[in-house]
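Every read-out reported here was derived from the displayed coordinates using simple, explicitly stated rules and does not represent laboratory data. Note that the coordinates shown come from a computational prediction; the quantities given were computed from them, not determined experimentally. Note that each Cβ is placed from the backbone with ideal geometry, even for glycine, and that neighbours are counted across all protein chains shown.
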Amino acid sequence: EDQVTQSPEALRLQEGESSSLNCSYTVSGLRGLFWYRQDPGKGPEFLFTLYSAGEEKEKERLKATLTKKESFLHITAPKPEDSATYLCAVQAGGTSYGKLTFGQGTILTVHP
Amino acid sequence: EPEVTQTPSHQVTQMGQEVILRCVPISNHLYFYWYRQILGQKVEFLVSFYNNEISEKSEIFDDQFSVERPDGSNFTLKIRSTKLEDSAMYFCATGQGVYQPQHFGDGTRLSIL
């Protein structure tokens, strides 16, 4: 069974204080690892897809990296508007038809 | 930017009643999904749908659940006889390809009384 574990559960940062979020996974034949941002009362908003170990993607203050067992979401010099829940999800190959398996998320709060 | 639209945003229903949740996918997307999120828990996969057929479903998606694309635009999730434990946020997601990113709507909050 595919499993995704995110840590920490919650993270409080001061504005400008860089940090990283972790996503550990076990999956039979990874097809893709996805990062989403979720604001309260909203649906997950797509950020990145990573397909193979060693791959990196960047968008503004966010950078996602992937190894064979985990992914990191690095946040550089965060701003209060980066406060949200960040979700990691994996997609398996084989007989899967696109099903995403999610972690429980990391609640990020950035204080001004 | 195109987006997935879900209606209603909030649905309150008596236990045992039928509910239909609606989703308008992004226009060139071919793969459709339903997920749910019980308060404080992970987002859980329910079902995937492609070419007017269910591709995959989870153990949660039992005989009380059904999906269809009745008019080629809307994508619906029906729960025939709701239970208290069906109370959750239901998200529709759509994608261009099976391994392409899935784009989510803002969800329908379903409250069963």
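Shape annotation for the stretch B:25-82: C-alpha extents along the principal axes are 33, 22, 17 Å, from largest to smallest.
Which translational diffusion coefficient, to the nearest whole µm²/s, is obtained for the stretch A:38-82 from the Stokes-Einstein equation, given a Kirkwood hydrodynamic radius over C-alpha pairs, 25 °C and 0.890 mPa s?
Approximately 207 µm²/s, per Stokes-Einstein.
Site pair residue A:17 and residue B:73 shows an inter-label distance of 5.0 nm when each label is modelled 7 Å from Cα along Cα→Cβ. Among B:59, B:85, A:45, the ranking by other beta carbons within 10 Å of each residue's beta carbon, starting with the fewest, stands as B:59, B:85, A:45. Given the options A:65, A:85, A:26, state which has the largest fluctuation in a GNM of chain A using a 10 Å cut-off (strictly under) for Cα springs. Sorting by GNM fluctuation, first place goes to A:26.
Under the convention that each Lys and Arg Cβ holds +1 and each Asp and Glu Cβ holds -1, the size of the dipole of chain A around its Cα centre is about 200 debye. The convex hull around the C-alpha trace of the protein assembly as shown, projected and averaged over every direction, spans 12.2 square nanometres. If you run the Gaussian network model on chain B, springs between alpha carbon atoms under 10 Å, then out of B:98, B:67, B:47 the most flexible one is B:98.
Cα convex hull, the stretch A:1-92: 94 Å³ per residue, rounded to a whole number. Direction-averaged projected area, Cα convex hull, the stretch B:1-43: 4.6 nm², rounded to one decimal. If you take all other residues with their beta carbon under 15 Å from the beta carbon of residue B:10, and give Lys and Arg +1 and Asp and Glu -1, the sum is +2.
Taken along its three principal axes, the alpha carbon spread of chain B comes to 37, 28, 27 Å, from the longest extent down to the shortest. Partner shielding of B:97-107 amounts to 6, given as the average count of beta-carbon atoms from other chains within 10 Å of each residue beta-carbon.
Excluding same-chain residues fewer than 8 positions from residue A:79, which aspartates and glutamates have a Cα within less than 17 Å of its Cα? By straight Cα distance, residue A:79 reaches A:15, A:17, A:39, A:58, A:60. Separation of the stretch B:31-60 and the stretch B:87-113, taken as the distance between their Cα centroids, equals 8 angstrom.
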